[in-house]
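The block underneath contains the structure these notes are about, expressed in structure tokens.
Please treat every number below as a calculation from the coordinates, not as lab data. What you see is a predicted model; the values in this text were computed from it and never measured. Because the Cβ atoms are built from the backbone with ideal geometry, glycine has one as well, and the counts that use them run over all protein chains shown.
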Amino acid sequence: MPLQHLFIIYLIGTLIVFLPAFGFYKLFQKAGAPAWKAFVPFYNTWVMQELAHRPKHWVFWQLIPVGGWFISMGIFIEFAKIFGKFSFLHHAGASLLAPLYFPYIANAKDTKFIGAEAALKHKKSGLREWIDAAVFAIVAATLIRLFIFEAYTIPTGSMEKSLLVNDFLFVSKISYGPRVPNTPLSIPFIHNYIPGLGNKSYSEAIKLPYIRWWQRPVRRGDAVVFNFPAGDTVIHADGFESAIPYYEIKRKDQAGPPYNQVMFNAGGRTVAASTGEILNDPANYPVAVHPVDKTDNYIKRCIGIAGDWIEVIKGDVYINGTKQEAPPNSPLKYIVEVNENVSLDEAGLEEIGIKLNEGDFYQDDPQNRYRYILNLTTAERAIIEKSSLIKKITPDYDDRPNPLMIFPYDTLHKWTVDNYGKIWVPKKGTPLTLTPDNYSIYERAIRVYEHNDFYMKDGKFFLNGKETTSYTFKMDYYWMMGDNRHNSQDSRFWGFVPEDRVVGKAWLIWFSWDNGPRWNRLFRFVK
């Protein structure tokens, strides 16, 4: 953790115990304690524990980073009790609004010091016990979710067959260091929209900058959960959000016919619409803008770390010129030709030990019933090759340039899904020489992710109003790809993942479901 972050943590902890001091001052007087002690941070809480006859070692627990803040709130509640304040609202005020609450009760005529013994004699009602337990559980669970680990569900097949649809994961947030929420005012346990209502579950009245405590870099090969970088602006409607990104719709609209058509799923049926219809109909297709920590969560494998050179050649990934082994369960598409008079179906494949998901098996050409496309892992390909039914099997590479879909969306880089790059992954503190060739690759990172006014004009580059020839990055970036390489919307389609979007590392599959529990996947560590 950088020293400035540690300083901020302890500054907040000090302010928590100092700002209510103007209320503590009069309350100390009423309790017979020297009033000046109220203005000495942490010594004032020591006095409170003495007056309340509570354990003094709590004062030292206040020095625990972040957790100490909540210890201070507990001390405040115990202090309020010795002045006869026992209601839920009083305790909520003491813990959450201490700088306002304590001056308020200190100046109230009915506030009297009753002492620790009288406070201990007070008994809570059964209902109050339940309310306090529920509040404690919510606060504890929220802290665990924010800073330690969180549960996620795999919604799509982009990580097949390493992670399956409806795998339920625990994601470790301490693996890369817990990230402080950019939008702390949020309904607990709800990500960005309130279920059933569609309204945002958070307020941007308070916005915090990117801060990550005890930061550690993402390692190459990790399965990483992150906020979708291109999901900062979305169409908030059924079938859209990050499934069909807003920026994709804008590109297609600018390209014009025949590219300005969008097919989306609405209410279980496929609907076609022009991009113009969508962009000009805010009533049915409203545009929503999300802060960094409230964009949709994605999970992919980190292929490239900051400073790496990435290249994909015929489906194989090369890092810094070295060919990388694909993950063991990573499937690729193959053209499979069977012998004449052989009809290949899913039941026949299962008989030889291959079970494919929907979309992993189809006929390549309706006029040729002996030619199929199969999405196979290395092990499954070996099984197919040994079968007497098979005549020929060859890789099915996707070599179609598509500047509307393939990052960086220009005609200069004629990259494809299976032949991509070379591309350099930005590294913090490393300068990049700007050229017309790399402008489209790094423009969004410099302008949007690192918050600069940046543009190119007449072959020259302008950064925050000044002409420049280079840029030094402020953050590390990562290159993410799905294990299911031919069925994954990943960095090949939307570019780099900045470090401030990283949520955590996929750690454990605690449950899995497919028309019933997948018992063999329960409590399996993610590799």
Taking 7 Å along the Cα-to-C-beta vector as the label spot, tell me the W513-F7 distance in nanometres, rounded to one decimal.
4.9 nm
Taking N as the number of residues in the stretch 3-123, the ratio of its alpha carbon radius of gyration to 2.2 N^0.38 Å works out to 1.00
Karplus couplings for the stretch 43-57 from phi (6.51 cos²θ - 1.76 cosθ + 1.60, θ = phi - 60°), rounded to Hz, Gly and Pro as x?
5, 5, 6, 4, 5, 4, 5, 4, 5, 8, 6, 10, x, 6, 5
Decide, for the stretch 431-472, between rounded, prolate and oblate: order the square roots of the alpha carbon gyration tensor eigenvalues as a ≥ b ≥ c, take rounded if a/c falls under 1.5, and otherwise choose prolate if a/b is larger than b/c, else oblate.
rounded
For the stretch 28-56 versus the stretch 92-167, the gap between their alpha-carbon centres in whole angstrom
25 Å
For peptides 174-184, 148-158, sequence by mean Cβ density within 10 Å, most packed first
174-184, 148-158
Please compute the contact order of the chain in relative form: average sequence separation of alpha-carbon pairs under 8 Å and at least six residues apart, divided by the residue count, as a percent.
14 percent
Less than 13 Å Cβ to Cβ from Y420, Lys/Arg counted +1 and Asp/Glu -1: what total charge do the surrounding residues give?
0
Based on the mean of other beta carbon atoms within 10 Å per residue, what is the order of 379-390, 161-172, 117-128, most packed first?
161-172, 379-390, 117-128
Tabulate in residue order the Karplus-calculated ³J(HN,Hα) for the stretch 466-471, using 6.51 cos²θ - 1.76 cosθ + 1.60 with θ = phi - 60°, rounded to whole Hz; enter x for Gly and Pro.
10, 5, 8, 10, 8, 9
Taking a ≥ b ≥ c as the square roots of the eigenvalues of the Cα gyration tensor, with a/c under 1.5 meaning rounded and otherwise prolate when a/b exceeds b/c and oblate if not, the chain is prolate
Going highest first, how would you order 489-496, 250-257 by mean Cβ packing within 10 Å?
489-496, 250-257
Rounded, prolate or oblate: pick one for the stretch 465-519, where a ≥ b ≥ c are the square roots of the eigenvalues of its C-alpha gyration tensor, a/c under 1.5 means rounded, and failing that, prolate if a/b is larger than b/c, else oblate.
prolate
Run through the stretch 30-85 and list the trypsin sites (Lys or Arg not before Pro) located in a DSSP loop whose Cβ has at most 13 other Cβ atoms within 10 Å.
K56
Read phi for every residue in the stretch 162-168 and hand back ³J(HN,Hα) as whole Hz from Karplus 6.51 cos²θ - 1.76 cosθ + 1.60, θ = phi - 60°, with x for Gly and Pro.
6, 10, 9, 4, 6, 7, 9
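I want the local charge near A31. Using Cβ-Cβ distances under 15 Å, sum +1 for each Lys or Arg and -1 for each Asp or Glu among the other residues.
On the way: positive: K26, K30, K37, R54, K81, K85, K112; negative: E50, E78, E117.
Net of charged neighbours comes to +4.
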Local electrostatic count at A137 - Lys and Arg +1, Asp and Glu -1, tallied over other residues with Cβ under 14 Å
-1
Please give every one of the lysines within straight-line cross-link reach of K173, meaning a C-alpha to C-alpha distance under 20 Å, and leave out same-chain neighbours fewer than 8 residues apart.
K294, K300, K505, K527
On the first, second and third principal axes, largest extent first, how far apart are the outermost C-alpha atoms of the stretch 341-426 in Å?
48, 31, 22
How do T111, T14, T377 rank when sorted from fewest to most other Cβ atoms within 10 Å of their own Cβ?
T14, T111, T377
The stretch 414-486: GluC sites (Glu not before Pro) falling in loop per DSSP and having at most 14 other Cβ within 10 Å
none
